[in-house]
Each structure stands twice: as structure tokens, then as C-alpha cells.
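Visitor: Here it is, the structure in full.
The values are calculated or read from the model by the stated rules, or taken from the named source; none is laboratory data. Quick caveat: nothing in here was measured; it's all calculated off a predicted structure. Cβ atoms come from the backbone with ideal geometry, glycine included; neighbour counts cover every protein chain shown. Each accessible area value is taken on the protein alone, full model and side chains, heavy atoms only, with ligands, DNA and RNA left out. Shrake-Rupley method; radii C 1.70, N 1.55, O 1.52, S 1.80 Å.
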Amino acid sequence: MVSDGITSHAKIPRWPSDVIASSDIRSSGLKLPLVQNSLNCQVTITSNALMTTCRIKMAPAIVYHQQTEVPTFSGTWTTRETGMIFNDSKPAIRSKAAVLMIGGSRWAAEDMISKTLTILQDRLRSFGIDLTNAGSPLKVLMKGDKLKPEVKDDIKLKISGLLQEKVTAVVIMLSSRSKPVYGYVKSLCDLILGIHSVCIDSYKLSVAEHDNGYCFQTALKVNVKTGGRNQSLASLRLASVDLKNTMIVGFDVMNPPATAKQGSKPIVIMVSSTSPDLSQWAPAVRILEKIQKRDQQSMEQALSDLLSNQINHWKKKNKGASPGNFIIYHKGLTEAVCAQEISSLRSTIGKSTKHASWTLIAVNKDHHTKLQPLDSIDKADADKTIPFGAMITRPRSLAKTWEFLIQGHEPKHTKDEVSIASTLEASKATLPTSYTVLYHDIFTTQKVKLELEDLTHDMQYLFGSSTAATSDTLPIHYLGLLRKRMELFVQPWYRPKQGGQKGKGKEMKLSEGEMSSETVRIHENIRDEMFYI
């Protein structure tokens with residue numbers, strides 16, 4: 001069916017056997033007049049010409065601590081389903097954490113906070129993490145949301161003291177959502193002191209006495225930041241590739257916005273898996289010294305350098321062994337520039353490993369395809385029944401390439417139940433994510449191609465600090481989190497009007513100086529760990 005004579009509707013029926021979807025007419029080169037009459041163009045448009053068969057992927061089962069499988073049929077799971085992972089066993093202490101309360105008069109009831117901190121302490125203990133000061137947390141008092149110099153000094157002094165006590169993670173309790181405090185804490189911990197930080201809301205923690213899901217998700221985040229493993233796939237639908245010998249990589253480029261300060265520079269970011277259970281993803285960041293936004297040669301060189309460094313890190317984590325397979329997801333890559341990148345990757349991988357196979361996948365949002373139930377295409381509430389795991393597969397114009405689309409869903413935030421704050425709902429369907437396989441010498445047969453699609457879909461359920469599936473596959477989602485952290489550090493250059501200082505007619509004079517590699521240089525203590533989640 002054609003709407004406004006321009007764009008076709010895509011449809012998804014209620015049952016997997018009837019799933020179909022359609023593409024935008026413009027992608028086929030057809031142009032229709034505003035009047036919905038295809039005879040004016042002497043072109044006959046039928047629904048079959050615009051639709052393609054789709055599939056509904058089954059949600060994978062996941063496990064925590066290698067125990068009972070947790071069902072994920074609705075794209076989310078609650079603490080009632082994962083509660084079995086917290087048993088009476090007490091593993092050896094592998095790291096230490098502490099609590100620091102920052103705020104003033106708007107604290108929640110401290111007696112309730114004390115009880116829930118005890119719950120959090122028990123949860124962390126099951127991961128081998130000792131919350132050392134749950135009974136008497138450190139405090140920094142401040143009036144209002146304004147971050148004064150003396151408050152900064154007090155925060156730095158207390159966190160520095162925790163470092164001397166061999167604490168590897170600090171849980172920051174905020175009495176209000178103060179962006180200046182959050183930004184200062186993250187910059188201090190990530191760039192200067194080298195200690196993991198987890199910022200939490202004191203109010204949510206206070207109400208967690210009756211529903212301890214917030215404590216559960218906080219424990220998940222602390223665990224994965226300090227090198228632990230949370231959930232993993234109960235069974236892997238990947239017979240042709242061994243993940244023990246496979247590095248999965250996500251790659252993206254941050255370009256300064258049009259309103260950025262003069263002298264702002266692009267930033268190349270990367271994440272790569274370091275373990276076969278896909279629980280740990282090492283980050284890598286580099287600023288492009290050349291100012292041009294679209295400097296393809298500089299970007300390819302940065303990609304090559306970062307990938308070489310990540311391969312060396314993989315070897316350290318895997319007893320000196322090199323990865324034999326690479327699966328690279330490049331966000332924002334287009335087919336027009338894929339040839340140069342393929343050549344650069346082939347050279348880099350060839351220098352680092354011998355006889356390695358690899359696959360390059362371009363990841364983009366698809367604005368020309370929409371999925372809807374077949375029997376409700378003309379209804380206003382059609383989006384409310386879009387199922388989870390909807391997938392389309394279709395060939396591309398270039399030889400030896402194919403594309404598959406996965407429908408994502410946005411989380412909704414509930415005020416009543418903190419434990420399911422990241423619950424997904426079908427009425428919040430996002431644009432489908434397109435994964436275009438531009439080069440592959442691993443997934444060469446039709447059966448093996450399906451395995452790549454299964455892996456890409458199943459990784460959406462492995463976000464380490466959440467109990468819900470992500471809208472994009474795991475490396476792309478982690479790239480988004482790393483991007484947000486970098487945007488926080490370069491905000492005075494990328495978004496000067498939000499930098500907390502006011503200019504008068506002329507460009508603001510910011511104390512940070514020129515944007516350089518030091519701007520985003522993560523402290524060596526946490527550089528290869530998941531500080532960014």
C-alpha cells in the first residue's frame with residue numbers, strides 16, 4: 001500500500017509464518033506524484049512488489065553464574081527470574097568497593113539507605129566484591145546543585161584516600177541529579193585518578209528495601225566494570241566459528257557538530273571482545289589530529305592503529321595467542337568507501353596475525369523500511385504489536401554482499417517498580433537497524449550466513465549491566481556508551497554553550513586549553529576495562 005504517493009508501508013503480521021515487510025519506493029528509483037494514482041506514471045504498483053518475507057528470531061536463553069537458564073521471551077527479565085544467582089556461596093574476594101555520598105539537604109531517609117546498602121553489600125559479595133564501608137559511608141556535603149571549588153577538593157581528597165586503601169570501584173550516591181557533579185566525578189575518576197565509578201540515585205536506593213532490583217542492577221554494573229562476568233548465552237548458535245578464537249570489534253567516528261568550538265577534532269572510538277563469553281569489551285580512543293571531518297585516510301590509519309593495539313591486548317588476555325577470526329561492525333560505514341577500508345583492514349590483520357579470516361559489517365539505521373502487523377496497517381495503534389526479534393534478509397546490489405535488518409525497541413522507565421526500570425515495550429519500536437555484510441571470508445554459505453544473523457541478534461541480550469535486550473547488537477551498543485562518555489569529556493569543545501560558562505559576544509575562553517590526545521586519555525589503571533558503562 002502507498003501512502004502520500006511516496007513511501008510504502010512495511011507490514012509484520014502477528015504470526016511468524018506471515019511476517020512480511022516493505023521497502024521505500026524511492027530506493028527502487030520510482031517516483032510517484034502526490035496524487036495517489038500510479039496510472040499518472042503508467043506504473044502499476046502492487047503490494048507484492050514492495051514486500052519481502054521476514055522472520056521472527058527466537059529470544060535466546062541466558063545464564064548467570066552458570067546456573068539455571070533465564071527466559072527472555074519478552075526482551076526483558078526481572079530480578080524475580082534472576083534471583084537464583086545470589087546464593088549462599090561466598091567466592092574469594094577479588095576486588096574492593098566503597099560508598100561515597102555527595103549531596104546536601106535533599107537526602108532520602110538515611111535509615112532506609114543503610115538497610116539497602118546492606119543488601120547491596122550482599123549482592124556484591126556474591127560476585128567476590130567487598131563493599132568495605134556499607135555501614136559508615138563517606139560523605140561530602142554541598143549546598144544546592146552548584147559545584148564549588150571546596151566541594152571539588154573534598155571529593156578528590158576522599159576518593160584519593162580510597163585509592164590508597166586499594167579500592168577499585170567507588171559507588172557515588174547523589175542526592176540530586178546534578179550534571180556538574182556527575183561530570184566532575186567521571187572526569188576525576190576516569191582521567192585523573194584511575195578508579196571505577198558508579199553513580200546512583202539515593203532516592204531509588206532508599207525505596208529498594210522493598211524491591212531490591214536497583215541494588216541488583218547496581219551490583220551488575222560494579223561487577224562488569226571490575227572485570228567480572230554477568231550473563232552469558234546458555235547455548236551458542238554458531239557452529240562454524242569458535243568464539244575462543246574470534247575477536248568481535250565495534251568501530252565508529254565522532255565528528256564535531258556544526259556548532260563546535262573552532263579547533264575541535266574528530267575522535268575514533270573502538271570496542272573489542274576479550275573473552276569467548278563476550279562479557280568483557282576493551283575500549284580504545286584516539287583523536288584525529290587533522291581537522292577535516294571527512295579525512296578518510298586519517299580515519300583508516302587510526303582504525304589500523306587501534307585494531308593493532310586491540311589485537312595485542314587480546315594476546316595478553318589469551319596467553320599470547322592471536323585471534324584467528326575477526327567480526328568487525330563499523331557504524332556509519334557506506335558502500336561507497338568500503339573498498340579503501342577493506343584494503344586497510346586486510347593489511348592490518350595480515351601484519352598482526354597469519355591466516356586470519358574476517359568479516360566487515362556496516363551498521364546504519366534504516367529510514368526507508370517500517371515493520372507493522374499485517375492486519376493493522378491502517379490502524380493508529382499498529383506499532384503496539386510489533387514482536388521482538390523481527391528480522392528481514394535481502395541481497396544488495398554489490399556482489400557477494402547481503403543485508404539483514406533487526407527491529408529494535410526502546411526501554412520504558414517505570415516509577416513504581418525500580419527493578420524493571422529498563423523494561424522494553426513493543427509500542428516503543430525504534431527504526432530497524434541495518435547490518436550490511438560488505439566483506440566476508442568466514443560466512444560463505446547460506447547456513448553459515450544465518451549463524452552470523454543469529455549471533456548479531458543474540459548479542460543484544462548480553463548487555464552486562466541491564467536486565468533487558470538492547471536496541472542494537474552488543475558492540476554497537478557499547479560504542480554508544482563510549483561515545484557518550486567521550487562527549488562528556490569534550491563538551492567544552494563540542495558543545496561550548498553547554499559548558500557551564502557564558503560568553504559575551506566573543507568565543508568563550510575555556511580553561512581546558514587546546515583539544516588534544518590528553519583530553520580523552522583514560523588513566524592506565526582502567527584504560528582496558530569497561531569504565532564507560
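Visitor: Given points 7 Å out from each Cα along the Cα-Cβ axis, report the residue 393 to residue 74 separation in nanometres with one decimal.
Guide: Result for the modelled spin labels: 3.0 nm.
Visitor: Still on this structure, I have one more. Would you rank 486, 112 by solvent-accessible area, highest first, keeping every protein chain in place and using a 1.4 Å probe?
Guide: Ranked from most to least accessible, the order is 112, 486.
Visitor: Still on this structure: What fraction of the Cα pairs in the stretch 246-319, stated in percent, has a spacing above 14 angstrom?
Guide: Of all Cα-Cα pairs in the stretch 246-319, 60 percent lie more than 14 Å apart.
Visitor: Using a 7 Å offset from the Cα along the Cα-to-Cβ direction at both residue 430 and residue 262, what is the distance between the two label points in nm, to one decimal?
Guide: Here the answer is 3.7 nm between the modelled labels.
Visitor: What does the convex hull of the Cα atoms of the stretch 122-229 come to per residue, in Å³, rounded to a whole number?
Guide: 108 Å³
Visitor: Order of 455-467, 252-264 by packing, highest average Cβ count within 10 Å first?
Guide: Highest to lowest by the protection proxy: 455-467, 252-264.
Visitor: Mind listing the phi-derived Karplus ³J(HN,Hα) values for the stretch 255-268, rounded to whole Hz, using 6.51, -1.76 and 1.60 with θ = phi - 60°, and x for any glycine or proline?
Guide: So the J values, rounded to whole Hz, are 9, x, x, 4, 8, 5, 5, 4, x, 5, 10, x, 10, 9.
Visitor: A further question on this structure: What figure in square angstrom, to the nearest 10, would you give for the accessible area of residue 146 with a 1.4 Å probe?
Guide: It works out to around 150 Å².
Visitor: Efficiency by 1/(1 + (r/R0)^6): what FRET value for residue 139 and residue 525, r their Cβ-Cβ distance, R0 = 22 Å, to the nearest 0.05?
Guide: 0.35
Visitor: List the pairs from 143/166; 152/484; 156/179; 158/484 whose alpha-carbon separation is above 21 Å, in the order I gave them.
Guide: Result: 143/166; 152/484; 158/484 exceed 21 Å.
Visitor: Follow-up. Per-residue accessible area for residue 102 at 1.4 Å probe radius, Å² rounded to 10?
Guide: 0 Å²
Visitor: Across the stretch 225-305, how many lysine pairs separated by 8 or more positions, or lying on different chains, have Cα atoms within less than 23 Å?
Guide: 5
Visitor: Once amide H atoms are built 1.01 Å from N in the peptide plane, which residues 5 or more positions from residue 197, or in another chain, come under 5 Å H to H?
Guide: 170
Visitor: Something else about it: Under the Karplus relation 6.51 cos²θ - 1.76 cosθ + 1.60, θ = phi - 60°, what is the ordered set of whole-Hz ³J(HN,Hα) values for the stretch 241-251, x standing for Gly and Pro?
Guide: Once rounded to whole Hz, the list reads 10, 9, 5, 5, 10, 10, 9, 9, 10, x, 9.
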